[in-house]
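Right, one structure below, let's go through it.
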Amino acid sequence: MTDTGRKLRIVKMLKILLSCGALTLVALLTAASLRTTFMDVSAGLERVPWDKTCNISFDIDPDQRQQLLENFKEAIRIRTVSFSRADLNTSALRHFDSFLHKAFPTVFSSSQVKHELVANYSHLFWVQGSRPELEPYLLLAHIDVVPASESDAWDLPPFSAEEKDGFIYGRGTVDDKSPLMGMLQALEFLLLKGYTPQRGFYIGLGHDEEVMGNDGALNIVRVLKARGVKFLFILDEGSVIMDGILQGLDGAAAIIATTEKGSASLKLSVSMPPSHSSMPPRETTIGILASAVKRLEDNPMKRLFGQGPESGMLEHLAHKFRFPLNFIMSNLWLFSPLIARVMERNETTNALVRTTTAVTMFNAGVKHNVIASYAEAFVNLRIHSAHSLKEVLEFVESTIGDPRVKIDIVEGFDPLPISPYDETAFGYQLIKKTLLDLYPSVTVVPGLCIANTDSRHFKDLSGAIYRFAPLWFKPGDAQRIHGINERISKENYEGLVRFFFTLLQNCDIKKLPASHSSVHEL
């Protein structure tokens with residue numbers, strides 16, 4: 001049957017759905033044996049021969065395993081908190097510098113590694129390769145963390161790095177000291193085993209990512225640009241392995257984010273002459289501003305599902321869903337509107353289908369019996385890949401529709417370009433291969449990072465930027481980031497070290513093997 005004939009047949013069956021109901025449709029689809037093709041992403045590159053790399057095995061003795069964990073715990077105990085752009089814990093950042101020298105003596109003493117401080121507190125490492133003709137790559141992480149109060153309802157103190165039920169608790173255990181320590185610990189172990197990379201690489205550690213990275217990451221970029229450095233690919237934080245989170249999915253999914261949303265922070269303000277509360281005007285600054293904010297909340301931006309990388313994620317996952325979800329996911333040309341409506345009902349998945357609007361601050365008034373002369377609110381928007389900053393600003397202005405409300409841009413930037421993830425995309429395929437080397441049952445797919453990372457500052461240095469760390473997330477774990485009871489299991493942290501230990505070696509190949517895609521049928 002041709003594709004056209006197959007689509008006509010599916011449409012006919014959907015019409016039957018309207019009169020017969022969903023259960024009848026399932027029976028009819030089964031009886032009719034509709035044969036819908038979709039990509040099996042577990043096939044392809046990982047099934048063809050790869051160039052041999054060093055293949056140093058990750059064998060560590062009990063003392064090294066204990067030291068690995070102690071190093072990580074010490075990193076968590078150092079309170080490298082960024083409160084604001086003007087308020088960083090600089091004494092903790094200096095302490096962290098000294099700690100890194102103590103924790104990774106081989107990295108800092110090796111003749112293969114060049115290290116420098118950037119902007120006083122950020123770090124840049126250059127690990128020289130034996131084949132300088134091979135283009136280098138860059139690994140990114142950040143040192144700073146968001147605040148955490150001892151008075152919050154943590155099960156264990158947020159900077160204690162104490163253990164409970166096999167988990168290490170503390171601010172930064174996930175965001176972002178586990179990848180940071182994991183990549184340096186992996187390099188330390190490899191150097192101790194006599195490893196010399198063929199492909200050189202850089203490691204960049206920013207110190208102010210949580211407050212936009214305008215000092216740390218941007219100055220690292222300036223240093224690299226001045227030296228004319230370009231990267232084959234870049235890997236930063238951003239997405240994870242989702243286990244039991246996507247309902248109906250058979251097994252865990254590792255989502256390698258190929259882009260991240262744009263962002264806009266806006267200040268809305270209303271001003272008028274002050275007056276006494278006994279003689280109130282018909283409208284007050286607070287009332288006018290509250291109405292404007294309510295209009296923004298009542299009118300979310302349109303659904304854009306299918307116009308960004310989120311559709312590719314579901315298409316690549318289709319074969320791992322159970323029937324009839326696998327059928328629906330592999331026919332997004334038809335079911336996209338339905339899927340978008342379902343996804344927008346959940347706070348997490350809603351962020352994948354549109355530009356989101358969040359009112360984050362509201363300030364007004366100085367006394368209970370004085371009409372406020374000034375009111376302001378701050379709105380943060382995370383911009384979908386199919387939107388632009390300009391379009392978002394136009395939407396906000398038209399939705400508020402009140403010239404008394406002044407709109408100022410605090411900061412904003414467009415969504416990042418989508419990095420390649422096809423079978424010729426070197427960085428994506430090397431990350432994917434490394435994951436499958438360690439976790440063969442995991443499904444690896446491209447996706448979208450709904451937050452922002454330091455990697456966006458590096459877009460001029462590479463056209464292939466990926467956001468991923470092999471952190472295993474169960475239901476509820478995403479809410480621990482910047483929240484209460486942030487934690488990582490000891491097993492997961494060791495897995496992170498193993499991941500980078502393997503990735504560094506896998507990247508030594510000169511080129512990807514020839515691919516052999518396969519197509520499975522439902």
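The values are calculated or read from the model by the stated rules, or taken from the named source; none is laboratory data. All values reported here derive from a predicted model rather than from experimental measurement. Cβ placement follows ideal geometry from the backbone for every residue including glycine, while neighbour counts extend to all protein chains displayed.
Which one of these is touching a residue at least 12 places away in the same chain (Cβ under 8 Å) and either assigned to a helix (DSSP H, G or I) or over 30 Å from THR349 (Cβ atoms) (or both): LYS225, LYS267? Before you say what the answer is, go through the steps one by one.
Working: LYS267 fails: either assigned to a helix (DSSP H, G or I) or over 30 Å from THR349 (Cβ atoms) (or both).
Answer to the selection: LYS225.
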Condition set in contact (Cβ under 8 Å) with a residue 40 or more places away in the chain and in a helix (DSSP H, G or I), scope region 106-131, selection nearest to LEU205 (Cα to Cα): answer is VAL107
Spot the failing condition for VAL174; the list is (1) part of a loop (DSSP other than H, G, I, E, B); (2) surrounded by fewer than 23 Cβ atoms within 10 Å (Cβ to Cβ), and only one is missed. (2)
Please verify whether region 376-394 includes one or more residues that are out of contact with any Ser or Thr (no Cβ under 8 Å at 6 or more places or on another chain), of a type in the set (Ser, Thr, Tyr) and closer than 21 Å to LEU289 by Cα. no
Here are some residues: GLU150, GLU135. Which one is farther than 16 Å from SER82 by Cβ and modelled with pLDDT under 95? GLU150
Check region 99-121 and report whether any residue there is surrounded by 22 or more Cβ atoms within 10 Å (Cβ to Cβ) and under 24 Å from the mean Cα position of the chain (by Cα). yes
Name every residue in region 327-348 that is over 17 Å from PRO300 (Cα atoms) and β-branched (Val, Ile, Thr), in order of residue number. ILE328, ILE339
So, in region 302-337, how many residues would count as being of a type in the set (A, V, I, L, M) and under 26 Å from THR399 (Cβ atoms)? 1
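Can you find, within region 221-245, the residue that is surrounded by the most Cβ atoms within 10 Å (Cβ to Cβ) among those that are of a type in the set (A, V, I, L, M, F, W, C) and under 14 Å from GLY427 (Cα atoms)?
Per the stated criteria, the residue is LEU235.
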Take the residues in region 446-477 that are over 11 Å from the mean Cα position of the chain (by Cα), surrounded by fewer than 20 Cβ atoms within 10 Å (Cβ to Cβ) and small (Gly, Ala, Ser), then tell me which one is farthest from ARG171 (Cα to Cα). GLY463
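Quick check, is GLU310 more than 21 Å from ALA386 (Cα to Cα) and acidic (Asp, Glu)? Give the derivation first.
Values: more than 21 Å from ALA386 (Cα to Cα): no; acidic (Asp, Glu): yes.
In short, no.
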Filter region 472-522 for residues that are modelled with pLDDT of 95 or more and of a type in the set (S, T, N, Q) and give the result. ASN485, SER489, ASN492, THR502, GLN505, ASN506
Single condition MET212 does not satisfy, out of (1) loosely packed, with under 14 Cβ neighbours inside 10 Å; (2) over 30 Å from PRO440 (Cα atoms): (1)
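With the structure loaded, tell me whether ALA318 is more than 26 Å from the chain's Cα centre (by Cα) and either more than 19 Å from GLU260 (Cα to Cα) or of a type in the set (Phe, Trp, Tyr) (or both) or whether it fails that test.
Details: more than 26 Å from the chain's Cα centre (by Cα): no; either more than 19 Å from GLU260 (Cα to Cα) or of a type in the set (Phe, Trp, Tyr) (or both): yes.
No, not satisfied.
Can you tell me how many residues in region 187-215 are part of a helix (DSSP H, G or I) and closer than 19 Å to ARG467 by Cα?
Taking region 187-215 first, the residues part of a helix (DSSP H, G or I) are 187-192, 209-211.
Subset that is closer than 19 Å to ARG467 by Cα: 209-211.
Qualifying residue count, region 187-215: 3.
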Please enumerate the residues belonging to region 50-84 that are charged (D, E, K, R) and closer than 30 Å to ASN120 by Cα. GLU70, LYS73, GLU74, ARG77, ARG79
Out of all the residues in region 482-517, which are among the basic types (Lys, Arg) and in a loop (DSSP other than H, G, I, E, B)? LYS510, LYS511
Quick one: in region 274-298, which of the residues that are in a loop (DSSP other than H, G, I, E, B) and out of contact with any strand residue (DSSP E or B) (no Cβ under 9 Å at 6 or more places or on another chain) is surrounded by the fewest Cβ atoms within 10 Å (Cβ to Cβ)? ARG282
Somewhere in region 414-432, is a residue surrounded by 20 or more Cβ atoms within 10 Å (Cβ to Cβ), of a type in the set (Lys, Arg) and assigned to a helix (DSSP H, G or I)? yes
Out of ALA252, ALA257, ALA217, which single residue is touching an Asp or Glu at 6+ places or on another chain (Cβ under 6 Å), in contact (Cβ under 8 Å) with a residue 24 or more places away in the chain and closer than 16 Å to VAL444 by Cα? ALA252
Only one of these conditions is not met by THR357: (1) buried (at least 19 other Cβ atoms within 10 Å of the Cβ); (2) farther than 26 Å from GLU283 by Cβ; (3) modelled with pLDDT of 95 or more. Which number is it? (2)
Here are some residues: ASP215, ASP236, ASP208. Which one is within 30 Å of ASN55 (Cα to Cα), among the charged types (D, E, K, R) and outside the structural domain of LEU393 (by TED's automatic domain parsing)? ASP236
Scan region 424-445 and give yes if some residue there is over 26 Å from ALA478 (Cα atoms) and not hydroxyl-bearing (Ser, Thr, Tyr), otherwise no. yes
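Any residue in region 249-258 that is charged (D, E, K, R), touching a helix residue (DSSP H, G or I) at 6+ places or on another chain (Cβ under 6 Å) and either part of a strand (DSSP E or B) or under 30 Å from VAL174 (Cβ atoms) (or both)?
Yes.
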